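See structure below.
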Amino acid sequence: MGEEKDLLAGLVLELRRGTLILSVLSQMGEAKYGYALVQSLEEKGVEIDPNTLYPLLRRLEKQGLLESRWETGGSKPRKYYRRTGYGDEIYRELKNQWRQMASGIEALLEEEER
Amino acid sequence: MTDRDRELMERYLYQVVRRLPKDQREETALELQELIGDMLEEDGSTMEDVLTKLGDPAKFAERYQDISHCLIGPEYYDTYLWFVKVVLLCSMLPVFAVGFLDAVRKAGPGAGYTGAYATNSVISEAVFVLGSLLGAVVDALSAGIAAFGAVTLIFVILEWQKVKLDRKRERQWKVDDLGTASGKSFSGWTPGVLSPVPHPKARISRGDCIVEIIFTVVLGVLLIFAPHFFAVIFPEGEGGFVIPLLNLEQWDMILPVFILSLAIGLMDNVVRLAVGVYGKIVVISSVLCNAVSLVLAVVLLKMMPFWNPDFALELQLYLGGDGEIADWLTHWNGDTASSLLLAVIVFAVILDSGTVIYKTLRYGRLR
């Protein structure tokens, strides 16, 4: 039984992993700092661990999809991330791909349930 | 934040950051400090709660690493496993067998225990046999570990080379792509990077390479662990009578050169196995390795005291100086043997390099 649970958890994790980048990119139209992003995603029902999110932000920045800058005005220095122009382009394309994929999969599942 | 909390946080940050590349450490530490501060501000969270939620710092740091941090990637993994099994088998089994035979030979009837042990000879013999067996097992284990290390090292190099090759391809593609109208660069795989299928006769037989690699490994193992088995052995008498063919007294000096020469041969075969097609790399590797091997062979056979200098004498004494063999033995001398062996090696080296060059010119690509 425990094994089955592990397997299921692993599969869910894998399913979610593929959608994380799209989720994150969707929130980055305006500048946000890391923990605010965790909270805004959580509010919308998308859970992400900070120890997954922070490395991911760093990677997306390296790939040129996000840019960051440090704000030192507040009570403590914060690093804000936002989408770049290139990031906008990629995000648009990813969104299209996602919609296609989702409707395709939806059709598959419906057909099977009928 | 109390001093204790700060101390805990510093420790956590250090544990994450020390695992990252130097140039990322400072910024990552700042960023995580910000994160931990934010998480602390949530109602009722203590530093312990926050750090527990962030989890094992080692795993956290791992997620910052590139995926390419892989000692042996999926592409080579299956081959690697197979190889490890084969090499472990052909290093550990012979070593164990040699140790075992040694134990049996020495513990043969009347193996020469006298004095204080004579009354307890059965027990002491049993102890001796057990000890020898244990020695054989230990030798086999150390041979196995050495073989495992060598194979792993070879595959790590292969993996590393492949990564390098892939990057080169990527760069080449981008350069070619600059001329296209879209202006976008694709960094992925395209049919353009496919190399043409080689002529069937330009392909290097994997089987041949593997057989040669296995042979080299077994020979190396025997030379390291059982040089005295290269000998004429008469099974009768007390524990048998052994006349070594090689100069075991100078073996410490000879063995490293011998092993180096085997290692060079091994390297050449691994290159062939990895490249798989006759071409420039294989030609260079083959000519270079063969040349070095030849030099080492000359050093070994002509400049070092390679053979047991008393071989013929000991054998004659044992045989009693009559018969055909004894007659033939009077002609034995190390120098002639060296010259003969060297002639065979020169022939083999020329044949090997010649074949490689011929096949490359005829069927392969010399780009």
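The values are calculated or read from the model by the stated rules, or taken from the named source; none is laboratory data. Note that this is a predicted model, so its numbers are computed, not measured. All Cβ positions, even for glycine, are placed from backbone atoms using ideal geometry, and neighbour counts span all protein chains on display.
Computed values, structure above
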{"quantity": "Filter pass, B:Gly37 being within 20 Å of B:Arg6 (Cβ to Cβ), among the small types (Gly, Ala, Ser) and facing another protein chain (nearest Cβ under 7 Å)", "calculated": "yes"}
{"quantity": "Failed item in (1) surrounded by fewer than 16 Cβ atoms within 10 Å (Cβ to Cβ); (2) closer than 22 Å to A:Arg16 by Cα; (3) among the basic types (Lys, Arg), with A:Lys76 passing the rest", "calculated": "(2)"}
{"quantity": "Odd one out for A:Leu65, checked against (1) within 12 Å of another protein chain (Cβ to nearest Cβ); (2) under 22 Å from A:Ala36 (Cβ atoms)", "calculated": "(1)"}
{"quantity": "Cβ-Cβ under 6 Å pairs, at least 6 apart or on other chains, the range B:279-300 side without any contact (Cβ under 8 Å) to a residue 24 or more places away in the chain and more than 17 Å from B:Ile350 (Cβ to Cβ), far side part of a helix (DSSP H, G or I) and not aromatic (Phe, Trp, Tyr)", "calculated": "B:Ile281/B:Val275"}
{"quantity": "Count - residues of the range A:22-41 that are free of Cβ contacts under 8 Å to residues at least 24 places away in the same chain, among the aliphatic types (A, V, I, L, M), buried (at least 16 other Cβ atoms within 10 Å of the Cβ) and within 12 Å of another protein chain (Cβ to nearest Cβ)", "calculated": "1"}
{"quantity": "Criterion (in a helix (DSSP H, G or I) and more than 9 Å from chain A (Cβ to nearest Cβ)) met by exactly one of B:Arg6, B:Arg19, B:Arg63", "calculated": "B:Arg6"}
{"quantity": "From the options B:Asp43, B:Asp49, B:Asp38, residue that is surrounded by fewer than 13 Cβ atoms within 10 Å (Cβ to Cβ) and more than 30 Å from B:Cys209 (Cβ to Cβ)", "calculated": "B:Asp43"}
{"quantity": "Among (1) within 14 Å of another protein chain (Cβ to nearest Cβ); (2) surrounded by 16 or more Cβ atoms within 10 Å (Cβ to Cβ) - the single one A:Thr84 does not satisfy", "calculated": "(1)"}
{"quantity": "Helices (runs of 4 or more DSSP H) within the range B:265-367 that include 2 or more residues assigned by TED's automatic domain parsing to the domain that holds B:Glu249 and farther than 30 Å from B:Gly207 by Cα", "calculated": "B:311-319, B:323-329, B:334-362"}
{"quantity": "Unmet requirement for A:Leu60, which otherwise passes all of (1) touching a residue at least 12 places away in the same chain (Cβ under 8 Å); (2) more than 14 Å from chain B (Cβ to nearest Cβ)", "calculated": "(2)"}
{"quantity": "Condition check for B:Phe241: closer than 22 Å to B:Gly99 by Cβ, surrounded by fewer than 16 Cβ atoms within 10 Å (Cβ to Cβ) and over 23 Å from the mean Cα position of the chain (by Cα)", "calculated": "yes"}
{"quantity": "Unmet criterion (only one of (1) more than 11 Å from every other protein chain (Cβ to nearest Cβ); (2) in contact with a Ser or Thr (Cβ under 8 Å, 6 or more places away or on another chain); (3) closer than 24 Å to B:Gln65 by Cβ) for A:Val46", "calculated": "(3)"}
